[in-house]
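The values are calculated or read from the model by the stated rules, or taken from the named source; none is laboratory data. None of the values given here were measured: they were computed from a predicted structure. Every residue, glycine as well, gets a Cβ built from its backbone with ideal geometry; the counts of neighbours run over all protein chains shown. Only protein heavy atoms, including side chains, enter the accessible area calculation; ligands, DNA and RNA are left aside. Shrake-Rupley method; radii C 1.70, N 1.55, O 1.52, S 1.80 Å.
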Amino acid sequence: MNQYNKVNSFGEILTIAEEIVKESETNYLLNFNLKVEFDVSIIREVQLAYALKDAEDWQNTSRPTNLHINHGEYIGEKGIIHIVNELKNKKDSNRAVISLISQKHIINSGDTPIPSFMSLQFGLENNDLYVTTYFRALEIYNFLPINLEEIRLIINQLNQEIAGIDKVKLNLIAFRAYANPDQTTLSRFEVDILPSSKILLYMQTNPEKIISILKDKLKESTVTEKKGFVNILEIINDQEFDSQINKCFKQPLVIQNFRECIKKTDELTLLRSKTSHNPYIKELNNVIKSNLENIIKELERCL
């Protein structure tokens with residue numbers, strides 16, 4: 001089928017994608033495919049403002065510290081330049097491709113974060129810019145808006161360099177498209193980014209801040225990270241800081257639940273290295289979330 005859905009905004013693309021996935025009996029769809037056509041003029045304006053900052057971070061060639069990975073570090077400085085030069089020299093080229101990862105990134109990668117957004121290909125025919133993208137997995141509520149803004153940013157760069165483009169025909173392909181509104185977008189949690197010295201300072205002078213960043217970590221992520229839990233527990237167990245940190249952190253239930261968070265995170269990391277869709281993944285996530293909620297509850301009660 002070569003039929004394209006004509007749209008006037010990227011919001012319409014999101015609506016169609018959600019409807020396609022909702023039609024499946026589960027919350028995911030294998031061999032997802034969505035074709036849309038739109039006037040090139042709409043890419044000059046931000047389409048999904050709430051996703052723009054994230055899209056810019058994901059396209060930055062220097063990965064921001066708040067992300068586990070980003071696409072720009074894989075695309076590199078010459079990725080877009082290559083597309084422009086290829087289309088200018090040979091508009092029907094089959095090599096106007098951005099490939100974010102190669103086989104060497106995949107083999108033995110386990111559950112180490114690698115891009116799900118694997119490739120973009122471009123071609124010109126008449127005054128139409130054809131764009132085909134491939135995702136190994138595509139989350140449609142949180143990630144697709146960012147991906148669409150990334151695509152818009154790239155097309156806008158091409159449009160500034162290549163004259164005569166009237167329409168864009170975009171083909172989105174994903175091996176697995178799924179809906180998980182609670183999933184984070186591979187952003188690292190603040191508790192895992194903060195240096196232990198900063199965590200210590202908060203535990204001494206601003207324990208409410210620790211509660212706040214622990215609440216943020218209640219969100220579901222596809223990447224398991226225990227650094228924040230470990231740093232906090234090490235400070236609690238360090239006798240040097242006994243009289244310095246707030247006494248609420250020394251509660252037995254708080255300590256016990258931090259230990260459980262670390263233990264279950266290790267189990268989840270091991271499980272994710274072996275499977276992506278085992279029901280026990282959800283169960284372990286829920287156990288960690290429950291332990292974390294217990295910690296938050298005890299700290300709030302004490303403070």
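How would you rank 137-147, 233-243, 93-103, highest first, on the average number of other Cβ atoms within 10 Å across their residues?
137-147, 93-103, 233-243
Filter the chain for me: DSSP H helices, axial length by Cα at least 24 angstrom, mean Kyte-Doolittle hydropathy not below 1.6. List them by residue number.
Span-like helices here: none at all.
So, with a 1.4 angstrom probe, what is the percent of accessible area on the chain that is carbon and sulfur?
46
Report the full-extension gain for the segment ASN89 to CYS302: residue separation times 0.36 nm, less the Cα-Cα distance, to one decimal in nm.
Separation in residues times 0.36 nm, less the Cα-Cα distance, equals 69.8 nm.
Can you give the convex hull volume per residue for the Cα atoms of region 19-157, as a whole number of Å³?
That works out to 138 Å³ per residue.
Return the distance in nm (one decimal) between the two label points of a simple spin-label model at ILE107 and SER24, each offset 7 Å from Cα along Cα→Cβ.
Each label point is offset 7 Å from its Cα along the Cβ direction, giving 3.0 nm.
For GLN160 and LEU253 in one chain, what is 0.36 nm times their gap in residues minus the Cα-Cα distance, to one decimal in nm?
Here the segment from GLN160 to LEU253 would lengthen by 27.6 nm.
Once R0 is set to 35 Å, what does the formula 1/(1 + (r/R0)^6) return for the Cβ-Cβ distance between ASN286 and ASN206, expressed as a FRET efficiency to the nearest 0.05?
The value I calculate is 0.75.
By the gyration tensor of its Cα atoms, with a ≥ b ≥ c the square roots of the eigenvalues, what is the shape of region 40-94: rounded for a/c under 1.5, prolate for a/b over b/c, or oblate?
Since a/c reaches 1.5 but b/c is at least a/b, the shape of region 40-94 is classed as oblate.
Starting from the Cα of GLU240, step 7 Å toward the Cβ, then list every residue of region 165-196 with an amide N under 14 Å from that point.
Answer for region 165-196: 196.
Starting from the residue with the highest accessible area, list THR184, THR132 in decreasing order, probe 1.4 Å.
Final ranking, largest accessible area leading: THR132, THR184.
By the 4.7 Å beta carbon criterion, which cysteine residues of the chain come out unpaired?
For the chain, the answer is CYS261, because their Cβ atoms have no other cysteine Cβ under 4.7 Å.
On a 20 Å Cα-Cα criterion, which of the cross-link pairs LYS217/LYS263; LYS209/LYS264; LYS104/LYS226; LYS198/LYS264; LYS198/LYS247; LYS263/LYS289 come out too long?
Going by Cα-Cα distance, LYS209/LYS264; LYS104/LYS226; LYS198/LYS264 fall outside the 20 Å limit.
Suppose all protein chains stay in the model; what accessible area per residue would a 1.4 Å probe give for region 211-303, in Å²?
That works out to 54 Å² per residue.
Using a 1.4 Å probe on the protein heavy atoms only, what accessible surface does ILE173 show? Give it in Å² to the nearest 10.
Surface open to solvent at ILE173 totals about 50 Å².
Say R0 is 22 Å: what FRET efficiency, to the nearest 0.05, do GLU45 and GLN3 get from their beta-carbon distance?
0.25
Taking Cα centroids, how far is region 247-293 from region 145-162 in Å?
With region 247-293 and region 145-162 each reduced to a Cα centre, they are spaced 39 Å.
Compute the length gained on full extension between LYS263 and THR132: take 0.36 nm times their separation in residues and subtract their Cα-Cα distance, giving the result in nm to one decimal.
42.9 nm
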